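Enquirer: What follows is a single structure, and I will ask about it in a moment.
The values are calculated or read from the model by the stated rules, or taken from the named source; none is laboratory data. All figures in this text were calculated on a predicted structure; none of them were measured in a lab. When we count neighbours, we look across all protein chains shown, and the Cβ atoms used for this are built from the backbone with ideal geometry, even at glycine. All accessible areas refer to the heavy atoms of the entire protein, side chains included, with ligands and DNA or RNA removed. Shrake-Rupley method; radii C 1.70, N 1.55, O 1.52, S 1.80 Å.
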Amino acid sequence: MSRRPLIAANWKMHKTTPEVRSFVSAFWPKVSAGTERDMLICPPFPYISTVDEARRDTRIFLGAQNMYFEEKGAFTGEVAPGMLKDLKCEYVIIGHSERRGIFGETDESINTKVHAAVKYGLIPILCVGEKKEERQKNLTEQIILRQLEKNLKDLPDTAFTNLVIAYEPIWAIGTGLNAEAKDAHDAIALIREFIHSKFGENSAENTRILYGGSVKPDNMKLYMSQKGIDGALVGGASLDPDSFAKLVNY
Ligand code: PEP
């Protein structure tokens, strides 16, 4: 089966209302002719509705960069899955390495968030990947498998009809040090094998697995030519409409 490529923008903590509007109006005309690729913007929480308004009459998907797993309650500063649905989000990034590293998210809380996303009909983009020291010690496979084991724990096979995993080596994020295409290929093949062995062939076939880590217009084609890489999760190069359009039109 063929999986639709997904090119996802993680805007992190960037942009203002006018910048969001001008991005979408500059970006969409450059990509509107293509029909076979999915494109997604994940803005900071306060701009979700701004992107939603700006994307009307386009085929741009909308996502959040994080969420909490509870439905509602006394959780100051948090955002619930139902709120993201209410704001028309289709996707949510879960377990980004900046959430794990800076904000102390654990494999267990990430697992709870993946369950909550599935329950609320949001498509989770689960991020996994190793640190530089772990790669140097040849621990890459072990780390990825441990994250997958814990982050996907107790998910029903049906969750894999619409689930995305992003392989993001932490040392490659925002550093300009992108992974070798073969290393990205091998890590993604390992992830697909894991899903196959735990959740069955259909789950492995349906799951889109992205590469993320200093993807730029000049290296996108190389990644996308690797078997099994279904798209990219992009930080820095997604902030400029020309550059993000080049990634979508790779
Ligand atoms: C990211 O934040 O997920 C990311 C991959 O960032 P960058 O493209 O800037 O490396």
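Enquirer: What do the square roots of 5 times the Cα gyration tensor eigenvalues come to for region 1-150, in whole Å, largest first, as semi-axes of the equivalent ellipsoid? Show your work: numbers first, answer last.
Expert: Details: eigenvalues 151, 81, 45 Å².
Working through the eigenvalues yields semi-axes of 27, 20, 15 Å.
Enquirer: Also, I was wondering about something else. Measure out, as a whole number of angstrom, how far apart the alpha-carbon centroids of region 164-212 and region 145-161 sit.
Expert: 14 Å
Enquirer: Would you mind listing how long region 92-206 runs along its three principal axes, going by Cα atoms, in whole Å with the largest first?
Expert: Sorted from largest, the Cα extents of region 92-206 read 36, 31, 21 Å.
Enquirer: Quick check for me: using +1 on Lys/Arg Cβ and -1 on Asp/Glu Cβ, what's the dipole size of region 6-248 about its Cα centre, in debye to the nearest 20?
Expert: Values: 30 positive and 33 negative charges, 78 e Å.
The dipole of region 6-248 has a size of about 380 debye.
Enquirer: Another question, then. Hey, what number do you get for the chain at 222 nm if only DSSP H runs of n ≥ 4 count, each worth -39500 (n - 2.57), divided across all residues, to the nearest 500?
Expert: -12000 deg cm²/dmol
Enquirer: Quick check: net charge around Arg99, other residues with Cβ under 10 Å of its Cβ, Lys/Arg +1 and Asp/Glu -1? Intermediate results must be reported in sequence, preceding the final value.
Expert: On the way: positive: Arg100, Lys113; negative: Glu98, Glu105.
Taking every other residue near Arg99 into account, the sum is 0.
Enquirer: Now for a different question. How about region 5-71: which trypsin sites (Lys or Arg not before Pro) there are in a DSSP loop, with at most 10 other Cβ atoms within 10 Å of their Cβ?
Expert: Passing sites in region 5-71 are Arg56.
Enquirer: At a threshold of 8 angstrom on Cα-Cα distance, excluding pairs fewer than six apart, so keeping six or more, what relative contact order does the chain reach in percent? Walk me through the numbers before you get to the answer.
Expert: Values: 467 pairs, mean separation 52.9, N = 250.
Relative contact order, the chain: 21 percent.
Enquirer: Accessible area per residue of region 1-139 at 1.4 Å probe, in Å²? It would help to have the intermediate numbers written out before the result.
Expert: Working: 6870 Å² over 139 residues.
So region 1-139 comes to 49 Å² accessible per residue, rounded to a whole number.
Enquirer: Where the eigenvalues come from the Cα gyration tensor of the chain, what are the semi-axes √(5λ) of the equivalent ellipsoid, largest first, in whole Å? Write out the running numbers ahead of the final one.
Expert: Values: eigenvalues 126, 99, 61 Å².
Value: 25, 22, 17 Å, ordered largest first.
Enquirer: Right, next: Under Stokes-Einstein, with the Kirkwood radius over Cα pairs standing in for Rh, what whole-number D in µm²/s applies to region 210-250 at 4 °C and 1.567 mPa s?
Expert: 130 µm²/s
Enquirer: Would you calculate the volume per residue, in Å³, of the smallest convex hull containing every Cα atom of region 144-199?
Expert: On the way: hull volume 4.9 nm³, N = 56.
Roughly 87 Å³ of hull volume per residue.
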